[in-house]
Structures are given as structure tokens and as C-alpha cells.
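What follows is one structure encoded as C-alpha cells, with my remarks underneath.
Read the figures in this text as sums done on the coordinates, not as results from a lab. Computed from a predicted model, the values in this text were never measured in an experiment. When we count neighbours, we look across all protein chains shown, and the Cβ atoms used for this are built from the backbone with ideal geometry, even at glycine.
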Amino acid sequence: MKGFFSLFSDSTKELKSVRTLTITGMMMALALVLRHLAIQVTPDVRISFAFLPIIVIAMLYGPVVGAMSSVMVDFLGYIISDAKIRDYSLLLASVQIIAGIIYGILLYRKELEFIRIIFSRVAVVLICDMILTSVIIYISYVNKDFSFRNVSHLQDFGIWLTPRLTKSLLQLPFDLILSCIVVPSAIQAYKRVAKHYIG
């Protein structure tokens, strides 16, 4: 358990490093570009690969830096976006924080393995995208009177949820392939540059 909590304390210490702030800033800028290039399928369904730089940040600097970066990219992306579909939601922002924490817990100071990268992405898609984000959007914007005890409400929610689940399931293989290509490449490039800088 001590090792688990040390992930957060060590990640917090990373914020004292100028290199951490610099690399994180660059990755966040890339995430914002990818977020801007997202494809808006419907008001509630969007295809984006902005998660890739967030995974890199979380793997390099841990759950605290990953969470901060994830929510900042989401907030800044909302601010600079021309397509302001809804007011910024603190509940949805909290989901971004959770996503960054999940990536950090599963990848920070771990061996660079495809299975870890895949598992972290699947976990975030399942927990954050399919469950938390879907429920928050539906209850906050689609049916504010929603009740899990109401069978009719659950049926309506299932119908509304279908396009989101379909999109997530169809996009997931591409997410995993890109993650297994981009993340190891970015980490290896970082290690080479850092080694050269230290040397």
C-alpha cells in the first residue's frame, strides 16, 4: 500500500522539475492540437486521439501530473473551441482527472510493455468514457429526471447510449494500435534526449 501512495507523492515531486514542466507543456500543446482535430459525430459523440500525449505524460511523470494535464487540456480545449456545445462541466472535468490518475497508476515507473498500455487504455475507455461520461452527460443534459429505478428511463438511456458504445468499441482497436506505436516511441525518444542532456 505504501508503494501505491508513493506513486502520488513521487508524481507531485515531479512538478518541481523544469524538465517535467517543459515536456508536459509540449505534450499538452500536442493534445490540444489533436483535440481541435477531433471529429464531432454527434453533439454527444466525438472521435479524438488527444489521449495519446496524456498517456505519455502520465507514464513519464505519474498520476498527479497526468491528472492535472488531462483536466487542463480539457478545460483549455473548451476555452479555445468555437463549438461550445455546453457550459463547462465540473463533473466531466472530474472524469478527466480520473483518466489521468488511471494512466499514471498503471504506467508510472512500470516496464514499457504493450499489455500495460493496452490495459490502461481499455480501463479508461470502459470506466471514464463508457460509464462515467455517459451517465453524467445523460443525467445532466438529456434527462435530468433520470432514475435508475425507472425501467422506462433505463430503456431510453440504453437507446441513447448505443451510438456512444458503438463508437467506443469501433474506435478502441485504433486507439490501442496507435497507443502501442506512439507511446513507446515517445518514451524511447524522451529517454534518448534525457540521456544526452544529462551526459
Rounded to one decimal in nm, the spacing of the 7 Å Cα→Cβ label points at Leu21 and Leu91 is 3.5 nm
Out of residues 5 or more away from Arg46 or on other chains, whose amide H comes under 5 Å of its own, with H placed 1.01 Å from N in the peptide plane?
-> Val41
Which ordering of Met59, Met26, Met72 is given by a fewest-first count of other beta-carbon atoms within 10 Å?
-> Met26, Met72, Met59
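Output the relative contact order of the chain, whole-number percent, from Cα pairs under 8 angstrom with separation of 6+ residues.
Values: 210 pairs, mean separation 40.2, N = 199.
Computed value for the chain: 20 percent relative contact order.
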Taking the Cα centre of the chain as the origin, how large is its charge dipole in debye, to the nearest 20, when only Lys and Arg (+1) and Asp and Glu (-1) carry charge on their Cβ atoms?
-> 560 debye
Neighbouring Cβ atoms within 10 Å as the yardstick, rank Arg116, Arg149, Arg164 fewest first.
-> Arg149, Arg116, Arg164
List the aspartates and glutamates whose Cα lies under 14 Å from the Cα of Lys167, skipping any in the same chain that are fewer than 8 positions away.
-> Asp44, Asp129, Asp175
Would you be so kind as to identify which of Leu165, Leu112, Val122 lies farthest towards the positive end of the dipole of the stretch 103-172, taking Lys and Arg as +1 and Asp and Glu as -1 on Cβ and the Cα centre as origin?
-> Leu112
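Using 0.36 nm times the number of residues separating Asn150 and Val135, minus their current alpha carbon distance, what extension gain do you get?
Values: separation 15, 0.36 × 15 = 5.40 nm, distance 1.48 nm.
Length gained, Asn150 through Val135: 3.9 nm.
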Quick one: length gained pulling Ser9 to Trp160 fully straight, 0.36 nm per residue minus the C-alpha distance?
-> 50.3 nm
Ile115 paired with Arg192, simple spin-label distance in nm, labels 7 Å along Cα-to-beta-carbon | 2.8 nm
